[in-house]
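These notes are about the structure you will find just below.
The values are calculated or read from the model by the stated rules, or taken from the named source; none is laboratory data. Please read these numbers as outputs of a predicted model, since none were measured by experiment. Neighbour counts are summed over all protein chains in view; Cβ atoms, including those assigned to glycine, are modelled from backbone coordinates with ideal geometry.
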Number of protein chains: 2
Amino acid sequence: MAAEKRGDGTVGKALDVLNEVAEIGSPVRFSSLLKTSKYPKATLYRLLQTLLNQNMLSYNDEEQTYKLGLKLVRMAHAAWLQSSLAPIALPFIDKLSDKVGETVHLAQLDNGQVLYVDKRNPSSPIEMYSQAGKVGPAYCTGVGKAMMAFLDEDALSRVISKQAFFKYTDFTITSEKELRKELSLIKKQGISFDKQEHEAKIICISSPILSSKGRVIGGLSITSSIDIHSIESLEEFKPQLLETSKLIGKEAGAWNFPEQNN
Amino acid sequence: MAAEKRGDGTVGKALDVLNEVAEIGSPVRFSSLLKTSKYPKATLYRLLQTLLNQNMLSYNDEEQTYKLGLKLVRMAHAAWLQSSLAPIALPFIDKLSDKVGETVHLAQLDNGQVLYVDKRNPSSPIEMYSQAGKVGPAYCTGVGKAMMAFLDEDALSRVISKQAFFKYTDFTITSEKELRKELSLIKKQGISFDKQEHEAKIICISSPILSSKGRVIGGLSITSSIDIHSIESLEEFKPQLLETSKLIGKEAGAWNFPEQNN
DNA sequence: AATCCTATTTCCAAATAATGGAACTAAGTT
DNA sequence: AACTTAGTTCCATTATTTGGAAATAGGATT
């Protein structure tokens, strides 16, 4: 279900194809791409060749498959440095991670999803799949809900419209109504929890990172497992979490970090 | 000094502009880009608009500046997963890092440079700037030299021609002749060292990761500082380093990891 | 408040590049 | 040898890109 972009000419089409390859997530053959592609054979073929030339894709001769190129990894590092909260938040996250000894995530909202932009592991990490660059759902993660709770109605409804409300676990929120109720509670409390809503056994406490004008610029969370913590014991991190979020927000202001989100 | 790609039409031009923004490394204004761009005003303008539309760039209204977009961070995560050695090498690197308690880097050659694709920090990290996605010079890093040493002459001369031979420290190798001498020594020993050649005080021991056919697919290093280790004490890691590299090479074979490099 | 900058954005006819149906090639199958 | 399937190339038509120039916006200066 690739997003359709209107009217960006050839560049748009090429990036469309690139996205398709990214979404498939594993090396793909031409014919396989052709089946789901909205472009005719010759066009798709040429777009792939161009992307290959540009090192945005790489091609495996033996298997005749295309996959994303390393050039993207390089570019993304630059993007991460100049466009994410991570470099600004780095020292604060290090400190928080040291203090609490648990997994810490830094996230931003991107196109209605949670984009993790940094992560700190404790010395003995719990098994969990997340990394910088990974995206996750907003409606059933701690950071996602924390950020949504502090959006203005306009931005919020845009974000909500993009939620899939897939029931990952028995505890996943699966309707807009439930979600909005939860969000207003979060806004009151200033903090959100993930009570095994996305992954079984995984719980977290999160807070939004707000700019000086009160606009959402990111989210911060401390994650653990029910084998180690209860929601109640996670709640003890609340002061440190809020303090760190505040410091990051202030620092971001000093760096003129932009506030818009979608 | 952006790489010129000829003949990829509009897509090539757009990616060229994207690269330019990436290389500048900080938010840029239109006029600033225009000065160094090979495209006329209106063309550059439209290319930027297209990239904005596609979320490859983001625009700061107040400052009127362009920077790389978060979409790149998302795509790169996918690229990292499907095109780098990192996912394959992950368990082996974790284990090595645990055993030696030092910083471990996993790198690949990309366009004549060292591209770091993964990194493990010890519990008490030394101060050092490197991350997944970061690139570094090949001629003066442990992993760079280890990988170069095992290239065939054809690939090697291509890579050497791309080296800048900038003198980072008093110990940096600054000529092709010196480098080739060093590389043949490395090939004999099966291991390379970085003796403060890139950053003062930073030393490392590295080995190449070879495919079953003996072709270079990556490099692995254990890094430390002269405050903690001598070159001699780093050398004690040699067996573990070689063992890990071998295991990763074998695993990569099982996964059909491609062997080409430039 | 009028004028002059300078930076950014829009316009449009000419130039160029992209398109895609169809034909072709290569590699495997019956 | 005939047939299938997958990938690549061709080329006249069509659509997009191009870029000089003009318009606009936002300061700064008088």
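Return the residues of region A:99-112 that are of a type in the set (A, V, I, L, M, F, W, C) and in a strand (DSSP E or B); say none if nothing qualifies.
Selection gives A:104, A:106, A:107, A:109.
Restricting to region A:40-59, and then to whatever is near DNA strand C (Cβ under 8 Å from one of its atoms) and of a type in the set (A, V, I, L, M), can you tell me which residue is nearest to the other protein chains (Cβ to nearest Cβ)?
Ranking the candidates gives A:47 first.
Just checking, which of B:18, B:44, B:33, B:48 is buried (at least 18 other Cβ atoms within 10 Å of the Cβ), within 10 Å of DNA strand D (Cβ to nearest atom) and assigned by TED's automatic domain parsing to the domain that holds residue B:65?
So the residue among B:18, B:44, B:33, B:48 that is buried (at least 18 other Cβ atoms within 10 Å of the Cβ), within 10 Å of DNA strand D (Cβ to nearest atom) and assigned by TED's automatic domain parsing to the domain that holds residue B:65 is B:44.
Determine which single condition residue A:67 fails, assuming it passes every other condition in (1) part of a strand (DSSP E or B); (2) more than 16 Å from DNA strand D (Cβ to nearest atom).
(2)
Within region B:146-163, work out how many residues are of a type outside the set (Lys, Arg) and not in a loop (DSSP other than H, G, I, E, B). I'd like the intermediate steps shown before the answer.
Going through region B:146-163, the residues of a type outside the set (Lys, Arg) turn out to be B:146-157, B:159-161, B:163.
So of that shortlist, the ones also not in a loop (DSSP other than H, G, I, E, B) come out as B:146-149, B:153-157, B:159-160.
The qualifying residues number 11.
Scan (1) within 16 Å of DNA strand D (Cβ to nearest atom); (2) within 10 Å of chain B (Cβ to nearest Cβ) for the single condition residue A:111 breaks and write down its number.
Tallying (1) within 16 Å of DNA strand D (Cβ to nearest atom); (2) within 10 Å of chain B (Cβ to nearest Cβ), residue A:111 fails exactly one: (1).
Return yes when residue B:69 is touching a strand residue (DSSP E or B) at 6+ places or on another chain (Cβ under 6 Å) and outside the structural domain of residue B:110 (by TED's automatic domain parsing) and no when it is not. Don't jump to the end; show me each part of the working.
Details: touching a strand residue (DSSP E or B) at 6+ places or on another chain (Cβ under 6 Å): yes; outside the structural domain of residue B:110 (by TED's automatic domain parsing): yes.
For residue B:69, the condition - touching a strand residue (DSSP E or B) at 6+ places or on another chain (Cβ under 6 Å) and outside the structural domain of residue B:110 (by TED's automatic domain parsing) - is met.
Determine whether region A:77-98 contains at least one residue that is buried (at least 21 other Cβ atoms within 10 Å of the Cβ), modelled with pLDDT of 90 or more, among the hydroxyl-bearing types (Ser, Thr, Tyr) and not in a helix (DSSP H, G or I).
no
The rows are residues; the columns are (1) free of Cβ contacts under 8 Å to residues at least 40 places away in the same chain; (2) surrounded by fewer than 18 Cβ atoms within 10 Å (Cβ to Cβ).
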position	(1), (2)
A:175	yes, yes
A:191	no, no
A:204	no, no
A:207	no, no
A:219	no, no
A:234	no, no
A:241	no, no
A:251	no, yes
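Kindly indicate the residue of region B:60-69 that is at the interface with chain A (Cβ under 8 Å from one of its Cβ atoms) and modelled with pLDDT of 85 or more and also nearest to the chain's Cα centre (by Cα) among those meeting that condition.
B:68
Among residues belonging to region A:149-169 that are in contact (Cβ under 8 Å) with a residue 24 or more places away in the chain and within 10 Å of residue A:198 (Cα to Cα), point out the one that is surrounded by the fewest Cβ atoms within 10 Å (Cβ to Cβ).
A:166
Based on what the data block shows, is residue B:185 within 17 Å of residue B:156 (Cα to Cα) and modelled with pLDDT of 95 or more?
Spelling it out, residue B:185 is indeed within 17 Å of residue B:156 (Cα to Cα) and modelled with pLDDT of 95 or more.
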